[in-house]
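All remarks here apply to the structure that follows.
The values are calculated or read from the model by the stated rules, or taken from the named source; none is laboratory data. Computed from a predicted structure; not experimentally measured. When we count neighbours, we look across all protein chains shown, and the Cβ atoms used for this are built from the backbone with ideal geometry, even at glycine. Side chains are part of the model used for accessible areas, which takes the heavy atoms of the whole protein and leaves out ligands, DNA and RNA. Shrake-Rupley method; radii C 1.70, N 1.55, O 1.52, S 1.80 Å.
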Amino acid sequence: MLNTKVQESIIAVVLVGIALFLLNPLNWWMPSNLVMLIATGLAVVFAIYASFAWREKAEDERDAIHRMLAGRIAFLAGSGLLALGIIVQGFAHNVDPWLVVTLAGMVIAKIAGRWWADHRH
C-alpha cells in the first residue's frame, strides 16, 4: 500500500484538478447534471483529503515542526490569495462576498484553533 504522503499528494492533485475543471477552463457549456456530478466529486475528494490532514500524527519534534510550518505556509498562501482576490475585485467595485466570508472564516478558525490548543495542551 502507498505511504500516507503519496496518498495525500495524489488526493491533493485530484482535488485541485476537479476544482479547476469546475472553472470551465475550456469554455465548454457543461450541462447542469455534469456540474452537479463534478461538484459532488469535489466534495467527496475534499472530505478524503481533509481526513488525511486530520489524522496526521507527528513522530518526533522535527516532524512536528515540519507539519506546523507546512500548515502556516498553507494558511498564509490561502489567506494571501483571498486578500489579493478581494483587492483585485475591489478595484472593479465588485467584491464577491464568498471571498470575504472565506477569509474571515480562515482567520477566525486560526484564532479559535490556537485558543483551543493553548487551553487543551
Review point. When ligands, DNA and RNA are left out and all protein chains stay put, how many square angstrom of accessible area per residue does the chain have with a 1.4 Å probe?
Key: 81
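What is the gain in length, in nm to one decimal, between residue 83 and residue 19 on full extension, counting 0.36 nm per residue of separation less the C-alpha to C-alpha distance?
21.1 nm
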Review point. How many nm separate the modelled label positions at residue 73 and residue 9, each set 7 Å beyond the Cα in the direction of the Cβ?
Key: 1.3
Practice item. Name the shape class, rounded, prolate or oblate, that the alpha-carbon gyration tensor gives for the chain, where a ≥ b ≥ c are the square roots of its eigenvalues, rounded holds for a/c under 1.5, and otherwise prolate holds if a/b is larger than b/c and oblate otherwise. Key: oblate
Revision key, fill the gap. Computed about the Cα centre, the charge dipole of the chain from +1 Lys/Arg and -1 Asp/Glu charges at the Cβ has a magnitude in debye, to the nearest 20, of 120
